[in-house]
1. For SER46, indicate whether it is in contact (Cβ under 8 Å) with a residue 60 or more places away in the chain, out of contact with any helix residue (DSSP H, G or I) (no Cβ under 7 Å at 6 or more places or on another chain), within 17 Å of ASN124 (Cβ to Cβ) and not acidic (Asp, Glu).
2. Report, ordered by the first and then the second residue, all pairs with beta carbons closer than 9 Å, sequence separation of six or more or different chains, a first member in the range 73-91 that is farther than 12 Å from LEU55 by Cα, and a second member that is in a loop (DSSP other than H, G, I, E, B) and basic (Lys, Arg).
3. Out of GLN85, GLN105, report the one residue that is over 16 Å from GLY200 (Cα atoms), of a type in the set (S, T, N, Q) and exposed (fewer than 13 other Cβ atoms within 10 Å of the Cβ).
Amino acid sequence: MSTTASRSRSLSVEQLNARFSPLTFRERLETLYDYFAEPEVLYTSSFGTKSVFLLHLIHQIRPSQPVHFIDTTYHFPETVAYREQLVERFQLRVVDVRPKAEENQVTREQEWWKEHPRMCCSVNKVVPLQPIVARHRVWLSGLMAGQTTFRSHLRVFEQQGDILKFHPLIDIDEGEFHYHLSYHQLPRHPLESQGYGSIGCTHCTARGDGRSGRWQGREKTECGLHPNFYTRKDA
């Protein structure tokens, strides 16, 4: 076992939080690779309104880190164009994750997003990612505490089933976030200027501040990726 792997396996979630919580978001990301080898790290990005912050940091700190993008087939054309813009600017290594074509087609033909939004997210987002999650030890995510009630209770590290979630930006404030974007002149999602605070699939995204435009009129606030608990099938 490598020194990096043995170091991370010997620490509990509480010990990792004690070591990482006092660090800045940049230091957390830099230090992550002292504890986990790159192949053990899963990084997912939606290429939404907040995504460019962490994508820029990855570009600076660990440009070889793959970025997994879940292509539900329901993304706005503007999101797809924005993704290509950021891939070119940051020379990102993007790995596309897609649902099974036949299952995706059923959700389209029956318009599951209307009556079964939870199942639609499960088929097109959660299930396709599960085997990829199972091949990694830690999941790097750009969640921020101020985005939803669920996220407000998260720490830098959280154990979710067999995967360790890592949230280096969880306690960043809005001012610091916008300063970073302005200072580095980072491109914004083209729909943000049209009143979209958060952007997902076309059918479940409307204009609104923050995440208020996601699944509008429903109790649903998360697609199921982050609150979901994953269990390795080969354990």
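The values are calculated or read from the model by the stated rules, or taken from the named source; none is laboratory data. These numbers come from a predicted model, not from an experiment. Don't worry about glycine lacking a Cβ; one is built from the backbone with ideal geometry, like all the others, and counts go over all protein chains shown.
1. Details: in contact (Cβ under 8 Å) with a residue 60 or more places away in the chain: yes; out of contact with any helix residue (DSSP H, G or I) (no Cβ under 7 Å at 6 or more places or on another chain): yes; within 17 Å of ASN124 (Cβ to Cβ): yes; not acidic (Asp, Glu): yes.
Yes.
2. Qualifying pairs under 9 Å: THR73/ARG98; TYR82/ARG188.
3. Details: GLN85 fails: exposed (fewer than 13 other Cβ atoms within 10 Å of the Cβ).
When all the criteria are applied, what remains is GLN105.
Yes or no, residue by residue, for (1) of a type in the set (Lys, Arg); (2) under 14 Å from the mean Cα position of the chain (by Cα); (3) at pLDDT 95 or above:
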site: LYS100; (1), (2), (3): yes, no, yes
site: MET119; (1), (2), (3): no, no, no
site: ILE132; (1), (2), (3): no, yes, yes
site: GLN147; (1), (2), (3): no, yes, no
site: PHE150; (1), (2), (3): no, no, no
site: HIS178; (1), (2), (3): no, no, no
